[in-house]
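Below: the structure, in structure tokens.
The values are calculated or read from the model by the stated rules, or taken from the named source; none is laboratory data. In this text the structure is predicted, and so the values were computed from the model without any measurement. Neighbour counts are summed over all protein chains in view; Cβ atoms, including those assigned to glycine, are modelled from backbone coordinates with ideal geometry.
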């Protein structure tokens, strides 16, 4: 029996906090819901299939990525990269095909979406790898 006072750990799981993973999951799910709100408005006016498909893909991948990060699924990094690719593709279509946004802004948005998605996917993958140890 130990004679000294017992040390209590404040943070559960031996120092690993679930807060970053939950924040990423809420952000991804919130983005997916935000993009899903665009879909009903796109169905009312004249149909623009590429914009509708882009918003649908962003909504689906955002919600699925948020759920998979929250649950700690192994498919989370792939879904995050697919979300980034759909954001980039939608920006490029809006900029270069439709001319809705300026070319340089569309290009910047596409590159930023890919870079941020890859960084978040690497972080989530690393979180999953440390959780299984």
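Take residues that are surrounded by 13 or more Cβ atoms within 10 Å (Cβ to Cβ) and out of contact with any helix residue (DSSP H, G or I) (no Cβ under 7 Å at 6 or more places or on another chain) and tell me which of the helices (runs of 4 or more DSSP H) falling wholly in the stretch 24-107 contain 1 or more.
On the way: elements: 38-44, 49-71, 76-92.
Once the helices (runs of 4 or more DSSP H) in the stretch 24-107 are filtered for at least 1 residues that are surrounded by 13 or more Cβ atoms within 10 Å (Cβ to Cβ) and out of contact with any helix residue (DSSP H, G or I) (no Cβ under 7 Å at 6 or more places or on another chain), what remains is 49-71, 76-92.
Filter the stretch 1-23 down to the residues that are exposed (fewer than 10 other Cβ atoms within 10 Å of the Cβ) and at pLDDT 95 or above and list them by number.
Scanning the stretch 1-23 gives no hits.
Does the stretch 114-125 contain any residue that is more than 28 Å from residue 17 (Cβ to Cβ) and in a helix (DSSP H, G or I)?
Initial filter on the stretch 114-125 (more than 28 Å from residue 17 (Cβ to Cβ)): 114.
Add one more test, that the residue is in a helix (DSSP H, G or I), and what stays is 114.
Looking through the stretch 114-125, at least one residue is more than 28 Å from residue 17 (Cβ to Cβ) and in a helix (DSSP H, G or I).
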